[in-house]
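Visitor: Have a look at the structure that comes next, please.
Bear in mind that the values in this text are calculations on the coordinates, not laboratory data. Since the structure is predicted, the reported quantities are computational estimates derived from the model, not experimental observations. Cβ coordinates were reconstructed from backbone atoms using ideal geometry, including for glycine residues, and neighbour counts include every protein chain displayed.
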Amino acid sequence: MLVECRDPQSANCKAVTCSGICYSLHMAASQNQIGQELTDQQVLHLATLARLRLAAEQISMFRTQLASVLHHVSKLNELDVTDVAPLAHPLDLSANLASDSPAPQISPELFLQRAPATEGALIAVPKVLADETSS
């Protein structure tokens, strides 16, 4: 249930700040209790925060879905994770970078021969910016 948190410094506070008010999610043990504790006003408030417009018939559907989410979060909160290190990614991945070693280079003459258009020793490209004087 979403209630105003009276002690945001408390270790038990899972605080969420909204419109300058500190809120805390206090979850009941069963999904049914959670569903009954969520009010239409709380569902509409969360919908407003998510920039959603809910029709009257959608409120009860979202109340049930939110209750399910809160139930799963409450199950996660029951886990003892004191000895679990935080992860940036669940898999131990490393970037496979190409080796940073010199490779044979193409000669400037060959490079200019392969270019579609040249102007002297430069590659000619179409103009992408208009002259400031032509405005």
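Visitor: Within region 63-135, report the trypsin sites (Lys or Arg not before Pro) that DSSP leaves as loop and that have at most 16 other Cβ atoms within 10 Å. Intermediate values should be presented prior to the final figure.
Guide: Working: sites: Arg63, Lys75, Arg114, Lys127; in loops: Lys127.
When the trypsin sites (Lys or Arg not before Pro) of region 63-135 are filtered for loop state and at most 16 Cβ neighbours within 10 Å, Lys127 remain.
Visitor: In whole angstrom, and with the biggest value first, how far do the Cα coordinates of region 35-102 range along each principal axis?
Guide: 66, 34, 15
Visitor: Once phi is turned into θ = phi - 60°, what whole-Hz ³J(HN,Hα) does the Karplus curve with 6.51, -1.76 and 1.60 give for every residue of region 74-79, x standing for Gly and Pro?
Guide: 5, 5, 5, 5, 6, 6
Visitor: Shifting gears a bit: Express in nm, to one decimal, how much length is gained between Val69 and Thr118 on full extension, taking 0.36 nm for each residue of separation and deducting their alpha carbon distance.
Guide: 11.4 nm
Visitor: Please list, in chain and number order, the residues 5+ apart from Thr118 or on another chain whose amide H is under 5 Å from its amide H, with Hs placed from the backbone.
Guide: Hits under the 5 Å cutoff: Ala124.
Visitor: So what are the ³J(HN,Hα) numbers for region 98-112, from phi and the Karplus equation (6.51, -1.76, 1.60; θ = phi - 60°), rounded to whole Hz, Gly and Pro as x?
Guide: My calculation for region 98-112 gives 5, 5, 9, 10, x, 10, x, 9, 7, 6, x, 5, 5, 4, 5 Hz in order.
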